[in-house]
Amino acid sequence: MKIYKRKEPHFALCGLNCCLCPRFHTNGSSKCPGCGGNEFYDKHPTCAVITCSKKHGNIEYCFECNDFPCERYKRIGKADSFITYKNIIKNFESAKINFEDYMDNLKKKYKYLKLLLEKYNDGKSKALYCTAVELIPLEYIEEILNIAMNETDNKNTKERAIKVSEKIKEKAKALNIELVLRK
C-alpha cells in the first residue's frame, strides 16, 4: 500500500467522515490527512479496509462491494476511536442513494465544524464539536450556529464556547443523541 490516493479524502473508503474527525483538525504529529490524502501512507502504513478493497476490485467505497455489508460492518457500533462510528451504515445508505447530495451535506458539515473550531473553541471543545457535527443532523447544526452567532456577538471565546456547547448538548438531548465516544 506504499501509495494510496483518493480523489475524496474527506469521506473514507470505510464510511468515516474523515473531515469531521479531531485528528483531521489537529496541527501536531498525529494529524491525519484523511483517507488517501497527502502523506496518508506515512500515517497509516497498513489498513485492512484498503487491503480488502484491492481484493474486491479497488472499489472507492465499501458500499460498492458485492459483499457489503460484510462482517466488518456487522460488528460496527461497539466502540469508537477518535471519531464516532455510529453513523457509518447511515452514511453509506445516504451516499448510495445520492452521492452528490451526501457530499454536499458533508461539505456543509465540514464548513460548520471549521467555524465552530475557529470562533467557539476554548481549547477543550474540539472532540465535542466533531462528535456533534457528525451525529446531529445538518439542519440542527445550522440552527445551533444561528442561535450562537446571535447570542454570543460581544462575548469572549470562553463565553462563546460555553454557550454553543450548551446549545449542542440541549439539542442532542432533545434528539436522544449521545455525544460521547464509546471506548
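Mind checking which residues of the stretch 160-183 are hydrophobic (A, V, I, L, M, F, W, C) and under 19 Å from C21 (Cβ atoms)?
Passing the criteria: I168, A172, I177, L179, V180, L181.
Checking the structure you have, find out if any residue of the stretch 60-75 is closer than 24 Å to Y129 by Cα and surrounded by fewer than 17 Cβ atoms within 10 Å (Cβ to Cβ). Spell out the reasoning first.
From the stretch 60-75, those closer than 24 Å to Y129 by Cα are none; that's our starting set.
Within the stretch 60-75 (the criterion being closer than 24 Å to Y129 by Cα and surrounded by fewer than 17 Cβ atoms within 10 Å (Cβ to Cβ)), the answer is no, since none of the residues qualifies.
Based on this model, can you work out whether K78 counts as touching a residue at least 40 places away in the same chain (Cβ under 8 Å), among the charged types (D, E, K, R) and crowded, with 17+ Cβ neighbours inside 10 Å?
In short, no.
Considering only residues that are crowded, with 21+ Cβ neighbours inside 10 Å, out of contact with any His (no Cβ under 6 Å at 6 or more places or on another chain) and touching a residue at least 60 places away in the same chain (Cβ under 8 Å), which ones fall in the stretch 15-53?
Selection gives G15, L16, N17, L20, C21.
Wholly within the stretch 91-183, which helices (runs of 4 or more DSSP H) include no fewer than the required count, namely at least 3 residues that are out of contact with any Lys or Arg (no Cβ under 8 Å at 6 or more places or on another chain) and surrounded by 16 or more Cβ atoms within 10 Å (Cβ to Cβ)?
Counting at least 3 such residues, we get 99-119, 126-135, 157-174.
On the given criteria, is G34 touching an Asp or Glu at 6+ places or on another chain (Cβ under 9 Å) and either at pLDDT below 90 or not in a helix (DSSP H, G or I) (or both)?
Yes: the conditions hold for G34.
Test K74 against the stated conditions and say whether it is under 19 Å from the mean Cα position of the chain (by Cα), assigned by TED's automatic domain parsing to the domain that holds C18 and of a type in the set (K, R).
no
Tell me the residue from E100, E64, E39 that is of a type in the set (D, E, K, R) and in contact with a Pro (Cβ under 8 Å, 6 or more places away or on another chain), please.
E39
Taking into account only those residues within the stretch 76-120 that are over 17 Å from Y61 (Cβ atoms) and in contact with a Phe, Trp or Tyr (Cβ under 7 Å, 6 or more places away or on another chain), which is modelled with the lowest pLDDT?
G77
Output the qualifying pairs, or none if there are none: Cβ atoms under 7 angstrom, residues six or more apart or on different chains, first residue in the stretch 147-175 and among the small types (G, A, S), second residue assigned to a loop (DSSP other than H, G, I, E, B).
Correct list of pairs: A148/Y120; A161/Y120; A161/N121; A161/D122; A161/S125; S165/S125; A172/I136; A172/L179.
The values are calculated or read from the model by the stated rules, or taken from the named source; none is laboratory data. Note that the structure is predicted; figures quoted are calculated from it, not measured. Neighbour counts are summed over all protein chains in view; Cβ atoms, including those assigned to glycine, are modelled from backbone coordinates with ideal geometry.
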